[in-house]
Amino acid sequence: MFDNIFQGKIYKNLFNGEWVTSRNTIDIFSPVNNDLVGKIPSMSLSEVNVVIANSKISQKKWADMPVSSRASILHKCASLLDENIDFLSSIMQKEIAKDRHSCNAEIKRTADFIRFTADAGKQLEGETLGADNFPGFKKNKISFVTKVPVGVVLAISPFNYPINLSASKIAPALISGNSVVFKPSTQGAISALHLACIFHEAGVPPGVLNTITGKGSDIGDYLVTHKDINFINFTGSTKVGKHIAVIAGMVPMLMELGGKDAAIILSDADIDIAACDIVSGAFSYSGQRCTAVKRVLVIDDIADRLIEKLIKNIRLLKVGLPQDDCQITPLIDNKAADYVQELIDDAINLGATLLCGNKRCNNLIYPTLFDNVTAKMRIAWEEPFGPVLPIIRVKDIDEAINIANSSQYGLQSCVYTKNIDNAFNIASRLDVGTVQINNKPERGPDHFPFSGTKSSGMGTQGIKYSIDAMTRLKSTVLNINP
Ligand code: NAP
Ligand code: G3H
């Protein structure tokens, strides 16, 4: 099935139902061993322009297709994903150094996401409104409110979930009758092109899904300011997200950005459960998850007991290669590892207590845990996107909430306690998109609303919410003559 998408080591883009090359390419090296995984096209601005024009034309016919037919294509796509889990997983392991178990789970979850989206799309309904309940109006006016596609959706995805965070934009956009211009992250693009191939093989018509590869720094600004892009669905760093929001102008957008999710541990928490969740929450895929636990705020009287258990759990983590099911694998590149190391060094210099870790082998960083982190240290506030976890001791709930809310981010937070009143009080005071009670932060299940406050994003994802965002209400008013 995937034979058409590459020639030798050179991958191609999907354009109007064909696989095409560009004059220039970008080498994609594996973060695992620096081997060349493949070369992807580095598209020129004029090629980008031709692609968007094609997406615009192709959208009309797709929107006219019955939603049940669009749903059947998405169901086929989900089945093809399920059938190709092992192959796709092996590509992801090489390209983004994610462990085998997590790659398999990501692909399976994506197939389920697409199926659920196909079925949710069939529930797309409008409404009719009478006018006579508004002062001064009679019964002779009715508004027929329907949901229509926004047009051409630009989907931009990050490296860390090249299948799931791509499909979670593409599938809701497609079921709603939009066409999609899909720009995956450069590292991760080879996995993403395989996903595009699956949509194509499932029967998505020519031009309804087109892919664009090339460095965001070269073509990104052109893409997001293009006059024929009607919606931007972006997941990535806060820095790039804010830049897009500034330059894109009056285009609706969904933004999923960075996070600094806090785990708040009260004195009556079940420490065994909390410690186990925190370690998997902070360190799975080496901390390269937007929803990773990125700081622990623990009431002082229980901190020592928690730390003892955290260290025990960290010692159980396997460090090494993705294919060996290690949870701690090399970071996406050396630049990412240098940044994490900077945060570690800063914490040490400012007097944090290093409990374990601070060991590095190129881009592989061992799980690192700090106690006695203070507000002066960068690790208290910055998103490492790597395997380092700061513990901040607090005297009470108010201090925990105050520190949690002082972050520029507001993605998720979690609170561990047996007291349901405290849990709900804290949840209501935390300025984040989601609060988890007695569980680590996490996105799924993928039909739940997923959003961030402040620098963590805008708009809400989640199957029904993503469909709502990428459709608009259209009102047709019938005026009945007496
Ligand atoms: P990134 O560097 O911001 O890149 C994200 C995407 O934006 C990539 O496709 C990138 O392309 C593209 N891009 C770069 N510059 C652009 C521009 N000027 N215009 C348009 N697109 C541009 O993020 P990342 O390193 O891939 O992902 C890690 C970040 O994403 C973390 O901060 C993480 O918290 C966040 N994230 C958030 C969520 C969430 O749901 N809130 C989920 C996952 C990740 P290139 O690859 O070609 O540069
Ligand atoms: O990186 C961001 C992902 O959306 C997080 O998803 O909580 O299932 O790992 P997850």
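The table for this structure:
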| quantity | calculated |
| --- | --- |
| Table column - 3J(HN,Hα) (Hz), the range 180-188, Karplus curve with 6.51, -1.76, 1.60, x for Gly and Pro | 10, 9, 10, 10, x, 5, 4, 7, x |
| Gain on full stretching of the segment that runs from residue 201 to residue 428 - 0.36 nm per residue minus C-alpha separation | 77.1 nm |
| Percent breakdown of C-alpha pair distances by 5 Å bin, ordered from the shortest bin, for the range 346-445 | 2, 11, 19, 22, 19, 14, 8, 3, 1, 0 |
| 475, 456 arranged by Cβ crowding within 10 Å, fewest neighbours leading | 475, 456 |
| For residue 148, net neighbour charge (Lys/Arg +1, Asp/Glu -1) across residues whose Cβ lies under 13 Å away | +1 |
| Part-to-part distance (alpha-carbon centres) for the range 388-426 and the range 25-53, which is given in Å | 42 Å |
| Length-normalised contact order for the range 262-454 - Cα pairs under 8 Å, 6+ apart - percent | 26 percent |
| Modelled FRET efficiency - R0 30 Å, residue 418 with residue 86, Cβ distances, 0.05 increments | 0.10 |
| Table column - 3J(HN,Hα) (Hz), the range 467-482, Karplus curve with 6.51, -1.76, 1.60, x for Gly and Pro | 5, 4, 5, 9, 10, 10, 7, 10, 10, 10, 9, 8, 10, 9, 6, x |
| Cross-link pairs beyond the 19 Å C-alpha cut-off, checked among 294/376; 108/239; 183/227; 98/215; 9/108; 239/454 | 108/239; 98/215; 9/108 |
| Value of relative contact order over the range 120-179, rounded to a whole percent, pairs C-alpha under 8 Å and six or more apart | 31 percent |
| Full-extension gain in nm, residue 447 to residue 60, via 0.36 nm per residue minus C-alpha separation | 136.6 nm |
| Rg over Rh, two decimals, the range 262-454 (C-alpha only, Kirkwood Rh) | 0.94 |
| Selection of trypsin sites (Lys or Arg not before Pro), the range 1-32, meeting DSSP coil and at most 15 other Cβ within 10 Å | 9, 23 |
| Relative exposure of 253, 65, 470, judged by other C-beta atoms within 10 Å (fewest first) | 65, 253, 470 |
| Inter-site label distance for residue 29 and residue 46 at 7 Å from Cα along Cβ, in nm | 3.2 nm |
| Inter-probe distance in nm under a simple model that places probes 7 Å from Cα toward Cβ, at residue 300 and residue 395 | 0.7 nm |
| Residue 472 paired with residue 10, simple spin-label distance in nm, labels 7 Å along Cα-to-beta-carbon | 4.0 nm |
| Size of electric dipole in the chain: Cβ of Lys, Arg +1 and of Asp, Glu -1, about Cα centre, debye, nearest 20 | 1260 debye |
| Fully extended contour minus Cα-Cα distance, from residue 316 to residue 72, at 0.36 nm per residue | 83.4 nm |
| Radius 10 Å from Cβ of residue 401, net charge of other residues (Lys, Arg +1; Asp, Glu -1) | -3 |
| Under-5 Å amide H pairs with residue 38, H placed in peptide plane, nonlocal only | 28 |
| Rounded to whole Hz, the Karplus (6.51, -1.76, 1.60) HN-Hα couplings of the range 331-337, x for glycine and proline | 5, 4, 7, 5, 5, 5, 5 |
| Beta bridges per DSSP with both ends in the chain, % antiparallel, nearest 5 | 50 percent |
| Amide H within-cut-off set for residue 212, under 5 Å, with H built and near neighbours excluded | 182, 183 |
| Average silhouette area of the chain, convex hull of alpha-carbon atoms, in square nanometres | 24.8 nm² |
| Cβ-Cβ FRET estimate between residue 138 and residue 228, R0 fixed at 35 Å, reported to 0.05 | 0.25 |
| Length-normalised contact order for the range 1-160 - Cα pairs under 8 Å, 6+ apart - percent | 17 percent |
| Residues 377, 1, sorted so that the one with the fewest Cβ neighbours within 10 Å comes first | 1, 377 |
| Total charge dipole magnitude, the range 262-454, about the Cα centre, Cβ charges on Lys, Arg, Asp, Glu only, Debye to nearest 20 | 280 debye |
| Radius 13 Å from Cβ of residue 239, net charge of other residues (Lys, Arg +1; Asp, Glu -1) | -1 |
| Those trypsin sites (Lys or Arg not before Pro) in the range 338-393 that DSSP places in a loop and that have at most 14 other beta carbons within 10 Å | 359, 376 |
| Calculated FRET efficiency for the pair residue 239/residue 375, C-beta based, R₀ 25 Å, to 0.05 | 0.65 |
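Each reported figure results from applying straightforward, stated rules to the coordinates on display, with no laboratory input. Computed from a predicted model, the values in this text were never measured in an experiment. Counting neighbours? That spans all protein chains shown, and the Cβs are built from the backbone with ideal geometry, glycine included.
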